[in-house]
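Report on the following structure.
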Amino acid sequence: MTPSLQRHLNILDFALSSLWRRKGKNLSLLAVYTLIIFIIASIVFFTQALKREAGLVLQDAPDLVVQRMVAGRHDPIPVSYATAIAAIRGVSEVTPRYWGYYYDPVTGANFTLVAADDPQLKPEAIAIGSGVARTSRISIGDFLPLKDLKGSPVLFSVQKIFPSASELVAADLIQLRQEDFLRLFDFPSGRATDLAVSAGNPAELETIAAKIVHDFPDTRPILKSEMLRTYDSVFDWRSGLVLVVLAVAVLSFIIFAWDKATGLSAEEKKEIGILKSIGWETTDVLLLKSFEGIVISLSAFLAGVSLGYLHVFFFSVSLFEHALKGWSVLYPEFKLTPVIDPYLICLLFLLSVGPYIAATVVPSWLAATVDPDAAMRS
Amino acid sequence: MIMHPGVLALITGSLLTSAMILYAGWYGVRILRNWDLSSGSELQLALEKRTYLISTLLSYALGFELVSLFLFVFTADRLHLLFSGAMCAAGTLNANGFGYPLLILKLVNFLFAGIWLIVNHADNQGYDYPLIRFKYLLLVPLVPWSLLEFSYLFAYFSGLHADVITSCCGSLFSLERPGIAGDLVSLPVKPMRLAFFGTLGATLASGLFSWRSGKGFYPFSILSLATLLVSLASLVSFLCLYIYQLPSHHCPFCILQGEYHYLGYPIYATLLGGGLAGMGTGFLHPWRRRGSLQLVIPKLQRRLAGVAISLFALFLVIAAYQMVFSPFRLGE
Amino acid sequence: MIEVIEVSKSFNVGKVNQFDAVSRVSCRIMPGELTILKGPSGSGKTTLMTLIGCMARPSSGRIVLSGIGAGSLFGQDPDAAIEITSLPERFLTGIRRSAFGFIFQQFNLVRGISVLENVMLPAYPTGVNHKVLRERALTLLETFNIARHAQAQVGLLSGGEMQRVAIARALINDPSVIIADEPTAHLDSRLSREFMALVEGFKKGGKTVLIASHDPIVYDSSLADQVVEMRDGALVDGSLP
């Protein structure tokens, strides 16, 4: 082993024993540090997972949706538009979609009602998401009353409950037949909620969208890629905002770490003085201090990130689900698919270890440049 | 401004690094003005203590530049979803005018900090601070560069708006587009290949010569820089095509992805490391006869030359392997 | 040989509280001899020793070391004369580590770690293999008859034992010069005489010894080859032979 490597090992050895000697102080530092990394990691992992889930939702979404706008508001679109749009070059299929929201005063929840073309669904029967089943306390074979426009209840029998794997997506979903949907809401005839358009070649979607706006100025085509982008930036924006708020926490941690590092105890100062007097050089003490910092920040990082990972993927973000999701009463109980993303790990490392290094570099240097003869004068 | 955690990390990191370098530069100037080794005055002793802080700060800054170079490209890659038309990092970087200059700034600062640390390492071996003036003069230009990098970073990210239509890397690095990127692509492959193997060969030969004889470090360091630049151009111009096995995909960033076996990492690591070590030999050369460094510098130069030629050779092997064993053939 | 030429050390220069700890001191310390720095506390003995022992740099004057094996750090003959007056800290430390062993008045042991680790501590940065170092430290502890306390915490030792640990620590890098600052200040007269017996052993081993003391057991000892007296930062006239 080369002397240089052995020197590092010797000093690392001493750094570990020094840390252990001051357990109380170092463990409290470690705990605070871990907590902060844990929170940051939870946010970052959670946003990432939500983006993934949103991506999965949109995977089945149509490439292009056409809505009708009246006075800047979304309005049912005439089904007759479908024929005209289908005639545009490149369009392979146009499907009218019927869906809407239903506010349930009993549970205080908002359900999403979708007309399905599932031929297995019987008349006056529904398929529901597990969130609906949970909040209304119903299971297969039970009846769910929904009020129609005039206020008289219509009974629907529950024919199917969606598996909870797709909870985030389908928690508040109620599927019913198209004629039931139209009747329940007394939907204007010849109208649909919107039109789903698919194209043979996805590259032509933008051209098709432009053509639709040109032919029907009262419509708004929405591309799937635009939706993805919007989701992405909304999620990023939200987590970014939370992180900015957290920056305050990080800042106070920096001050805390700085304080811990500069406010070296008299004993610690004396110890460094002794080391310097018996032949340690400034570089050696700096190395000692940086080893101490590395050990602390690496353990805090590993502990914080692992805890954050468990929190998000195995405990469903139980600590701050409401802050991040802002969901309705029908809060889905779901497990996110665990993914390890090296990029995020790297990012978290930089976000957590960087400020710590920056906070401790000057104090360590101050400690390391104690005059070696100081120990002789005490 | 896009509130992506990666963006926040980059901005925070860059802000901290710039602050560190500014601080180091401030004391660098004080050292330049007041340094007097023969004096045992308290000011001199305090300045000597400062040198430890400055070299620590610079090594952290170098570390951050290296990490953030990759983090930047990766964040850009993650953000491409936000820009219609952008298909990878190349498109995101092109979303406004600051992206590519920023990348170049980062590269320059990385080389700067690396060379400074090499000179610092040599200086620390001398018992009379032989390179102290040179070292701190070298530090002075690093300050505005790093501040510039931070302002570009800030300008770049605050100028990103999720809806800007950008070209994807397919069209950015394709023949029709004017500008540097387009110019790199349109470089004729045959002469480019010649230049690539030519500079790399010349550098290896000159490095071997320097390593054995302890002479010729100026040409070697210039050749190292040339190899770095020519190789980067060649990556865009033709090397990537072999890796992607596509005749029109010139993007130099996608090779960092798992689909291409993370080949970009060894490629950039060997190139940057080799370029840095090779250039370092030249910066040390003027001082090889300084009394206290007479024995140190030649040894250090040979070691750096050794590192540089091994890294360049490794790079050559990777590149040649891709060209020979890729089923893809460039139409001549 | 250690040559001190017109050496001064001042603190807070140019301020109202300027303090000249050592002013224009010249003396010679011969190899293999025991030199005693005598004088009341505050006379500048400790400061002079920190300057000779490469712990601090003089404000003016020169100190030249020769024949102590430090030349190899500079690519010269190991025993070449080296002027230490304006060396960077890393070189001063290098010389100090290899050539000087220090014994402090307060012992300056690190609390909370074992006796053995305390003895090994000065050699950590030299990159000696941990096992080799351990053996070396144990041998030294045996020499001073405290090997049975090797694993004990230093806080539990008696004053005499602590000093022997401090001596063992001073010898871990096999220095050619031993510097001791008021080594008997915390010892009773029996232990003080025992300490002088150890000093005799150092001399026999060919080491140069420099002791600052105002204890008559030390400065009246027949072992002393040279006694230098200091007062108010300067040598008392005629104290040099």
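The values are calculated or read from the model by the stated rules, or taken from the named source; none is laboratory data. This is a predicted model, so every value here is computed, not measured. Note that we place each Cβ from the backbone using ideal geometry, even for glycine, and neighbour counts take in every protein chain shown.
Numbers below:
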| quantity | calculated |
| --- | --- |
| Residue satisfying condition, being touching a helix residue (DSSP H, G or I) at 6+ places or on another chain (Cβ under 8 Å), at negative phi and surrounded by fewer than 20 Cβ atoms within 10 Å (Cβ to Cβ), within set B:102, B:148, B:139 | B:148 |
| Residue identified as at pLDDT below 80 and in contact with an Asp or Glu (Cβ under 8 Å, 6 or more places away or on another chain) among A:132, A:158, A:106, A:169 | A:169 |
| Region C:104-125, residues that are touching a Leu at 6+ places or on another chain (Cβ under 9 Å) and at the interface with chain A (Cβ under 7 Å from one of its Cβ atoms) | C:110, C:113, C:121, C:122, C:124, C:125 |
| Qualifying residues in region A:204-228 (those that are touching a helix residue (DSSP H, G or I) at 6+ places or on another chain (Cβ under 7 Å) and within 28 Å of residue B:78 (Cα to Cα)) - the one nearest to the other protein chains (Cβ to nearest Cβ) | A:228 |
| Pair list, Cβ < 6 Å and 6+ apart or interchain, from region C:75-95 residues that are crowded, with 22+ Cβ neighbours inside 10 Å to residues that are among the acidic types (Asp, Glu) | C:93/A:281 |
| Residue under evaluation residue C:115, criteria (1) crowded, with 22+ Cβ neighbours inside 10 Å; (2) within 17 Å of the chain's Cα centre (by Cα), criterion not met | (2) |
| Candidate set: region B:59-69, residues that are surrounded by fewer than 23 Cβ atoms within 10 Å (Cβ to Cβ) and touching a helix residue (DSSP H, G or I) at 6+ places or on another chain (Cβ under 7 Å); chosen: the one nearest to residue A:228 (Cα to Cα) | B:69 |
| Hits in region B:115-156 - residues which are within 14 Å of chain C (Cβ to nearest Cβ) and either touching a Gly at 6+ places or on another chain (Cβ under 7 Å) or in a helix (DSSP H, G or I) (or both) | B:120, B:121, B:122, B:123, B:124, B:125, B:132, B:135 |
| Filter pass, residue C:47 being part of a helix (DSSP H, G or I), at pLDDT 90 or above and of a type in the set (Ser, Thr, Tyr) | yes |
| All positions within region B:46-58 that are surrounded by fewer than 18 Cβ atoms within 10 Å (Cβ to Cβ) and either over 21 Å from residue B:137 (Cα atoms) or of a type outside the set (D, E, K, R) (or both) | B:46 |
| Positions within region A:276-293 being in a helix (DSSP H, G or I), facing another protein chain (nearest Cβ under 7 Å) and out of contact with any strand residue (DSSP E or B) (no Cβ under 7 Å at 6 or more places or on another chain), in sequence order | A:282, A:283, A:284, A:286 |
| Condition check for residue C:152: under 18 Å from the mean Cα position of the chain (by Cα) and not aromatic (Phe, Trp, Tyr) | no |
| Test: residue C:224 is assigned to a strand (DSSP E or B), in contact with a strand residue (DSSP E or B) (Cβ under 6 Å, 6 or more places away or on another chain) and more than 30 Å from residue A:15 (Cα to Cα) | no |
| Residue, farthest from the other protein chains (Cβ to nearest Cβ), within region C:1-30, restricted to residues that are outside any strand (DSSP E or B) and modelled with pLDDT under 90 | C:1 |
| Condition check for residue C:178: more than 9 Å from every other protein chain (Cβ to nearest Cβ), β-branched (Val, Ile, Thr), farther than 20 Å from residue A:375 by Cα and touching a Phe, Trp or Tyr at 6+ places or on another chain (Cβ under 9 Å) | no |
| Of all residues in region B:6-45 being surrounded by fewer than 19 Cβ atoms within 10 Å (Cβ to Cβ) and facing chain A (nearest Cβ under 9 Å), the one that is farthest from residue B:89 (Cα to Cα) | B:45 |
